[in-house]
Amino acid sequence: MSIFQPSGSNPTPSGVLPAPIIELKGRMADFNFVPAITSAVLALGISRIGGGAIVQDLHAGAAGVMLLLATLATYFVLNTLLQRNATQEYLTTGIFRFSRNPAYLAFFLPLASLAYFDAMTAAAAIVIYVVAMNLLVIQKQEHELQTTYGEGFTAYRAATPRWFA
């Protein structure tokens, strides 16, 4: 029994989201992938940089390590502020006017800080993060919002980019 259920290719009305490309079923359908994806991608990036580069940075004043820690702290503060204002209904005001996923967008800060050590690692981590979040989290969330809020969410989706302008 597979945990993946391929989506059908049924045509959808204009402006309506199709079913997600990957739909998890069973217990996996309720799993919150956000912490797993963010942790795994950051760990992958840090491991790609290597302990030697981090130790070398610590001996040279720790600017890169401090940058990484500062961006992680900023990410957690931004997420705390965004969650404090969260309601059951989707938000379309404030920062949500510029991105449908500002909480996920905030994680670009720690990933981008990996560029201090290696720009290619930072770029790869960002690409892996965006693909994983789109496939395992955002498509499902937006499909559920579309189903729940219909035309209101369709209009918001048309006016606001998923990540950023």
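Each row is one residue, and each column tells you yes or no for (1) hydroxyl-bearing (Ser, Thr, Tyr); (2) at pLDDT 90 or above.
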site: 35; (1), (2): no, no
site: 41; (1), (2): no, yes
site: 50; (1), (2): no, no
site: 87; (1), (2): yes, no
site: 116; (1), (2): yes, yes
site: 121; (1), (2): yes, yes
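Looking only at residues in region 121-140 that are free of Cβ contacts under 8 Å to residues at least 60 places away in the same chain and touching a Lys or Arg at 6+ places or on another chain (Cβ under 9 Å), the one that is farthest from residue 43 (Cα to Cα) is 138.
Region 40-150 holds helices (runs of 4 or more DSSP H) entirely within its bounds, and those carrying 2 or more residues that are out of contact with any helix residue (DSSP H, G or I) (no Cβ under 8 Å at 6 or more places or on another chain) and buried (at least 16 other Cβ atoms within 10 Å of the Cβ) map to 139-149. With respect to the conditions (1) farther than 29 Å from residue 159 by Cα; (2) of a type in the set (A, V, I, L, M); (3) surrounded by 13 or more Cβ atoms within 10 Å (Cβ to Cβ), residue 37 lacks only one, and its number is (1). Considered as a group, the residues in region 83-140 that are of a type outside the set (A, V, I, L, M, F, W, C) and under 17 Å from residue 70 (Cβ atoms) include one that is farthest from the chain's Cα centre (by Cα), and that residue is 116.
For region 151-165, the set of residues classified as open to solvent by less than 50 Å² (accessible area, probe 1.4 Å), among the hydrophobic types (A, V, I, L, M, F, W, C) and either free of Cβ contacts under 8 Å to residues at least 24 places away in the same chain or more than 12 Å from residue 101 (Cα to Cα) (or both) consists of 153 only. Among residues of region 37-49 that are closer than 12 Å to residue 68 by Cβ, those with a Cβ under 9 angstrom from a residue that is open to solvent by 60 Å² or more (accessible area, probe 1.4 Å) and at pLDDT 90 or above, sequence gap 6+ or separate chain, pair up as 45/128.
The values are calculated or read from the model by the stated rules, or taken from the named source; none is laboratory data. Computed from a predicted model, the values in this text were never measured in an experiment. So basically every Cβ, Gly included, is an ideal-geometry build from the backbone, and we count neighbours across all protein chains shown. Side chains are part of the model used for accessible areas, which takes the heavy atoms of the whole protein and leaves out ligands, DNA and RNA. Shrake-Rupley method; radii C 1.70, N 1.55, O 1.52, S 1.80 Å.
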